[in-house]
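Take a look at the structure below.
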Amino acid sequence: MPTHKGPWLLVVDIGLPLALFYGLKALGASNLTALLAGVVPGLISSAVSLVRERRTDLVGMAVVLSMVGSAVVAVLGGDARLLLVRNAWISLPFAGITLWSLRHPRPLTYTVTRAMFARRAAVMDELWDTNEAFRTAWKWITVCWGIAAILDAVIRIVLAYTLPISVVPATDPVITVLTIVVLQIPTHVLLRRTGTWHRVFAPGRPTVVG
């Protein structure tokens, strides 16, 4: 499934937290203090996105709540590792919601992609209504993304509690990027097998049903 944050994700959600963590560590700050500082850019980014969209964004709200909740728990418990697994507490609920959406008429991956590519919504809706292979592909894509989110969370938790604290933040963006990249494979393959990929995502394709 295509992604849309681009450079903003790389700079604010990945680059700044790492720079703050390792910069503050170099200045002698504790692991907990450096990790708390690293939460701030992502928290601001998510809050700004929620305000800018001017509508309820369940994913964005989950990110904000996860950041705030993990920070509070880490401070109260004095355990920096509780902050290292905050993304796992996003991945696990996302996995549950994603897999649960298979019980609904249209699974989450289809709904989210349709919202991201609003200009192609009419084409996607027409294919959904008339092409059984297209519908089946999106259901399998949803299964892949749900399972991947579970594996993502498990890997993050294992690394957070087995590696040195100073190493874990550097693994976080690597896991994120690898998860997204790897999931493009089943997404592309399943849609291309239906013959609908180019009709929906190729540049220059019609954005309305003709």
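The values are calculated or read from the model by the stated rules, or taken from the named source; none is laboratory data. Predicted, not measured: the structure shown is a model, and the values here were computed from it. Positions of Cβ are backbone-derived with ideal geometry, glycine not excepted, and every protein chain shown enters the neighbour counts. Just the protein is used for accessible areas: all its heavy atoms, side chains included, with ligands, DNA and RNA removed. Shrake-Rupley method; radii C 1.70, N 1.55, O 1.52, S 1.80 Å.
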Pseudo-spin-label distance residue 22 to residue 181, built 7 Å along Cα→Cβ, given in nm, is 1.8
Residue 202 paired with residue 43, simple spin-label distance in nm, labels 7 Å along Cα-to-beta-carbon: 4.7
Result for segment 106-210: accessible area per residue, probe 1.4 angstrom, in square angstrom, of 52
Diagonalise the Cα gyration tensor of segment 146-204 and give the resulting equivalent ellipsoid semi-axes, square root of 5 times each eigenvalue, largest first, whole Å. 33, 12, 6
